[in-house]
Amino acid sequence: TWTGDARGGPRAGAHQPIDAMRHSAAHVMAEAVQDLFPDARLGIGPAIADGFYYDFALPRPLTPADLETIEARMREIVAKDQPFEFAETTREDARKLWESRGEKYKLHFLSQIPESAKVTTYRNGEFLDLCREAMALESALGWSPRNGLPHYDVAAPRNSADAIAQGEQISVHE
C-alpha cells in the first residue's frame with residue numbers, strides 16, 4: 001500500500017530529522033551504486049529504525065572492496081552539496097521515464113500508487129528517484145550534506161527486488 005499523511009504527502013522520514021537524513025543517505029548511496037554499476041536496477045531505499053538501506057538488482061554480488069568504493073563515491077557526492085529537489089509528475093511521464101531506463105522495479109512501485117495519489121520524485125544531482133518520503137532539507141531540518149555521512153552497518157531485512165523478480169506482491173510502507 002502507498003501511504004501518506006492527511007494531505008497525501010510523505011509520512012516516513014518526515015517526522016524526525018534523523019529519518020530524513022537517513023533517507024537522504026539512501027538516495028546518495030543509490031546514486032553512487034548507479035555511477036559505479038550502470039546496469040544496477042533500483043528497488044526501494046527507505047530509512048529504517050537503525051539506519052537505511054537500498055535494494056538493488058546488480059550484475060554480481062558486492063564485495064567488501066565494492067562497499068569501500070561505494071562509500072568513497074558517496075563522500076564525493078556529498079562533497080558536492082547537492083540539493084534534494086522535490087517534484088510532482090504525471091503517472092504517464094513517470095512510466096515513460098522508468099521504462100526508458102529499464103527500471104522494472106520502479107514501474108512495479110509506480111503501479112502500486114493509487115490513481116488518486118500524487119506521483120512524486122526527488123532529484124539530487126543527476127540522480128532521480130520515484131520517492132514519497134521527505135529528504136533532509138537543510139533549511140527545514142538543520143542537516144546538510146556538508147556535515148558528512150552517517151556511518152551505519154547497512155542490512156536489509158528483505159530484498160524487495162528479489163521478491164518482485166519471484167512474483168511476490170510488495171507493499172511500500174513505513
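The values are calculated or read from the model by the stated rules, or taken from the named source; none is laboratory data. Computed from a prediction, not measured in an experiment: that's the story for all the values here. Neighbour counts run over all protein chains shown; Cβ positions are idealised from the backbone, glycine included. Side chains are part of the model used for accessible areas, which takes the heavy atoms of the whole protein and leaves out ligands, DNA and RNA. Shrake-Rupley method; radii C 1.70, N 1.55, O 1.52, S 1.80 Å.
Key figures for this structure:
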{"item": "Failed item in (1) at pLDDT below 85; (2) open to solvent by less than 60 Å² (accessible area, probe 1.4 Å), with THR1 passing the rest", "result": "(2)"}
{"item": "Flag if ALA40 is modelled with pLDDT of 90 or more, surrounded by 12 or more Cβ atoms within 10 Å (Cβ to Cβ) and within 26 Å of MET21 (Cβ to Cβ)", "result": "yes"}
{"item": "Single match in LYS80, LYS96 (criterion: open to solvent by 30 Å² or more (accessible area, probe 1.4 Å), at pLDDT 95 or above and either farther than 17 Å from HIS23 by Cα or β-branched (Val, Ile, Thr) (or both))", "result": "LYS96"}
{"item": "Criterion: farther than 18 Å from LEU128 by Cα, open to solvent by less than 30 Å² (accessible area, probe 1.4 Å) and modelled with pLDDT under 85 - qualifying residue of ALA12, ALA20", "result": "ALA12"}
{"item": "Any hit, the range 65-73, residues being exposed (fewer than 11 other Cβ atoms within 10 Å of the Cβ) and modelled with pLDDT of 95 or more", "result": "yes"}
